[in-house]
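The values are calculated or read from the model by the stated rules, or taken from the named source; none is laboratory data. As the structure is a computational prediction, the values presented were derived from the model and not from experiment. Using ideal geometry, Cβ is built from the backbone for each residue, glycine included, and neighbour counts are taken over all protein chains shown. Surface areas here come from the heavy atoms of the whole protein model, side chains and all, with no ligands, DNA or RNA. Shrake-Rupley method; radii C 1.70, N 1.55, O 1.52, S 1.80 Å.
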Amino acid sequence: MNPSTRPAATSLTPDSAASTAPAAPRSALFARLQARPALAIDGLPTELAALAPGHVHIVYAEPSPARDALFWQTAATALRGPATVLSARPADGIAQALREHGLDIDVGSALHHRANLCGLRVGQRGANLDTLLDALQALAEQCAARHSVVMVEGAEACFSWDDGARLSREGARLAAWCVRERLSLLLVLAPPLDDREDTRRPADLGSLHARFAGAAHLAQVQGQYTWEVAFWRDREAVLASRSLPLRFAADQHRLMVGGAGAQGEGGDAAAAGLLAPDEHRVIVCRDAVAHERWVPESWHLVDSNEAAVASAGGAVAATVLLHYHGNRALETLAEQVHRLRRTRGSALKIVVREDQEAMRQHYELLLLNLGANLVIARRTPFARVQAMLEGVQGQVFSRPLPADYRTALSAVLTGSAIGYVPPADFIDTVRGAVEQGRTIRLPHVLLRLTLLPEVAHIDALRACRMNRTGDICSADADSVYVFFFACRLDDADAVCRRVFQRPLEALFSGELRCGDAPTIEGALNAFAQQATEQALPDYSGWLQAREQASEATSAEGAVVSAMPADQTGRITAGASPAQRTRSTLPLLSPLDALRPSASAHAAARPKPRTAPTPTAVPLKARE
């Protein structure tokens with residue numbers, strides 16, 4: 001509303017027009033017989049819902065479906081009687097909001113003949129409380145009925161939020177105006193933001209509320225809307241510090257106190273209410289259901305994961321089904337899940353479905369920590385998928401959300417290390433993996449396996465065949481250390497059976513298992529101290545030489561077996577004695593030079609017995 005022209009009101013329909021003459025004051029008895037206006041929240045106690053006549057009530061609420069339901073349901077009910085509603089929305093937005101909440105102003109006699117529906121034009125620059133008071137005074141003088149309620153939405157720019165003394169005077173002026181005009185005033189405003197980059201901070205709101213009859217906050221905590229009452233006057237009593245959970249009615253855009261309906265007869269899901277009106281909405285990436293012959297008609301199909309994220313831009317408690325393309329698209333999927341959860345709140349349901357490639361366990365843990373509610377394994381029947389989506393309805397995401405998805409992503413992306421690494425590199429790699437995994441509580445397992453006296457380090461390390469990036473091993477003076485990346489302690493036995501080519505009891509005499517960060521750090525400290533006190537050998541060269549020797553032997557055996565017998569004999573006969581010797585002996589590592597030669601073993605070993613020569617045994621002659 002422009003304060004320079006001071007129009008009384010901008011009527012949206014002929015029914016809302018009122019006489020310009022001041023309304024005649026009604027008798028006090030008639031005013032007392034009128035029903036007190038109340039907030040449209042089903043199940044809210046009367047003492048917390050009623051608006052005291054001739055007083056100011058203020059409700060802080062961010063723009064949301066809950067704020068729309070509170071204000072416009074209350075307005076739709078009040079406009080059927082003598083009430084006045086001012087909103088900063090455009091005219092078509094006001095009509096649409098009322099229509100969505102059960103009041104179509106285009107229908108004849110939809111509004112009371114003393115009801116007023118007006119648009120409030122408040123600019124960000126130059127607006128102050130005088131702008132709002134001029135509009136209210138014009139309505140009071142021209143068309144507002146005494147002892148009625150005036151509802152205002154979106155007048156945040158009219159208050160001096162950063163000046164406590166001025167804010168106190170503004171509250172006192174509003175309270176005095178309500179008493180003088182015998183009108184109740186309900187303000188629904190967005191709470192002032194505390195911008196840390198701005199030197200001006202919001203003043204104490206208590207100075208504004210000093211002469212008000214009620215102050216409440218419609219907040220959203222962990223996806224759940226709550227009605228937090230700072231204080232609320234009920235005739236001669238004052239109620240303070242009350243908090244009630246709120247839900248949405250299942251069949252209409254109305255707020256209700258959570259649990260009120262569930263305690264009644266039956267206690268079904270419809271009576272319990274919804275977290276938001278869009279809780280039954282399902283947004284699905286087309287690739288996630290590409291192999292299904294049928295999908296529900298109510299599902300909203302989009303072409304890609306990014307399109308699904310864009311479609312959920314205004315969602316509060318809807319379900320978003322994303323598609324897992326594989327490990328190469330993990331970073332993009334992680335960013336999309338984190339963006340959805342950070343921007344849309346805790347009530348949104350985010351589900352990821354595997355398709356051609358199964359997701360690794362630590363990748364699944366990453367997505368769950370970045371905001372996903374559920375990861376559906378591949379080859380899950382579609383009927384089971386629908387049941388799992390129904391199972392997450394009503395849930396609220398409660399995990400702590402990382403500030404940056406890249407930090408959590410780095411915890412599950414390992415380096416190129418695999419298999420044996422030297423002791424110093426082993427200690428640094430394991431410490432780095434454990435520290436990065438703290439962000440998403442990624443489990444790891446560290447084993448210290450004590451060698452049997454007759455088993456050499458090189459034999460135990462050769463028996464450890466690791467094929468997964470991030471799994472590494474090393475050795476000290478008498479033990480072998482094995483680190484399994486992103487592994488749970490309960491799975492260590494199965495992983496050991498897959499990694500070691502020989503039974504553990506044939507190589508080791510005992511083991512120490514570490515499955516949490518403190519015990520892993522303790523074992524690494526002991527390993528590091530031992531490496532400092534004595535020089536531990538590096539078995540990288542020996543293992544590489546052994547591996548090359550094994551590959552050369554297996555390759556030569558394959559070539560020889562592929563030749564015909566007569567050709568093989570000719571090649572062997574034509575070769576020199578030195579060549580024949582070189583082709584049959586494997587390569588030796590420096591460790592093998594320390595062991596006794598084969599001739600020494602042969603001399604010490606007893607010769608096998610000669611097989612007996614078969615002879616004919618005569619049959620016994622018959623008598």
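So, for segment 394-472, what is the accessible surface per residue at a probe of 1.4 Å, expressed in square angstrom? Spell out each step's value before the answer.
Values: 3630 Å² over 79 residues.
Per residue, segment 394-472 has 46 Å² of solvent-accessible surface.
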(request) Calculate the spin-label point distance for Thr343 paired with Gln529, positioning each point 7 Å from the Cα along the beta-carbon direction, and give it in nanometres. (result) 5.3 nm
(request) Figure the gain on full extension for Asp106 and Thr380 (residue separation times 0.36 nm, minus the Cα-Cα span) and round it to one decimal in nm. (result) 93.6 nm
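May I ask you to work out the translational diffusion coefficient for segment 406-509 at 4 °C, viscosity 1.567 mPa s, via Stokes-Einstein with Rh from the Kirkwood sum over Cα pairs, reported in whole µm²/s?
Details: Rh = 14.1 Å.
The estimated diffusion coefficient comes to 92 µm²/s.
Pull out a ≥ b ≥ c, the square roots of the eigenvalues of the alpha-carbon gyration tensor of segment 132-254, then state rounded if a/c is under 1.5, prolate if not and a/b is larger than b/c, and oblate in the remaining case. Numbers along the way, then the final one.
On the way: a/c = 1.59, a/b = 1.13, b/c = 1.41.
Here segment 132-254 falls in the oblate category.
With a ≥ b ≥ c the root eigenvalues of the C-alpha gyration tensor of segment 331-420, is it rounded (a/c under 1.5), prolate (a/b larger than b/c) or oblate?
Working: a/c = 2.60, a/b = 1.25, b/c = 2.07.
Here segment 331-420 falls in the oblate category.
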(message) Give me the extension gain from Asp303 to Asn467: residue separation times 0.36 nm, minus the current Cα-Cα distance, reported in nm with one decimal.
(response) 55.4 nm
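If you take the square roots of the eigenvalues of the alpha-carbon gyration tensor of segment 273-357 and sort them as a ≥ b ≥ c, do you get rounded (a/c under 1.5), prolate (a/b over b/c) or oblate? Could the numbers behind the result be given before it?
On the way: a/c = 2.20, a/b = 1.22, b/c = 1.80.
Verdict is oblate for segment 273-357.
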(message) Let's test the formula: R0 of 30 Å, r as the Cβ-Cβ distance of Ser243 and Glu62. What FRET efficiency results, to the nearest 0.05?
(response) 0.95
(request) Would you please give the residues with an amide H less than 5 Å from that of Ile58, counting only those at least 5 places away or on a separate chain, with H modeled from the backbone geometry? (result) Leu187, Gly214, Ala215, Ala216
(message) Under the rule of at least 5 residues apart or a separate chain, name every residue whose amide H is placed under 5 Å from the amide H of Leu246.
(response) Tyr225, Thr226, Trp227, Gly258
(message) I'd like the Kirkwood hydrodynamic radius of segment 62-213, using the inverse of the mean 1/r over distinct C-alpha pairs, in Å.
(response) 16.3 Å
(request) Obtain the nm distance between the two label points defined at Met388 and Asp251 by a simple spin-label model: each point lies 7 Å from its Cα along the Cα-to-C-beta direction. (result) 3.4 nm
(message) Just to check I understand the Karplus step: with θ = phi - 60° and J = 6.51 cos²θ - 1.76 cosθ + 1.60, what whole-Hz values come out for segment 40-55, glycine and proline as x?
(response) 8, 10, 5, x, 6, x, 4, 5, 9, 10, 6, 9, 5, x, x, 9
(message) For a quick check: with amide H placed at 1.01 Å from N, whose amide H comes under 5 Å from Met151's, ignoring anything fewer than 5 positions away on the same chain?
(response) Thr84, Val85, Leu86, Leu186
(message) What are the ³J(HN,Hα) couplings of segment 151-167, residue after residue, when phi is run through the Karplus curve with 6.51, -1.76, 1.60 and θ = phi - 60°? Round to Hz, x for glycine and proline.
(response) 10, 10, 10, x, 9, 5, 5, 8, 10, 8, 5, 9, 10, x, 5, 5, 5
(message) Relative contact order of segment 114-169, please, whole-number percent, based on alpha carbon pairs below 8 angstrom and at least 6 residues apart.
(response) 45 percent
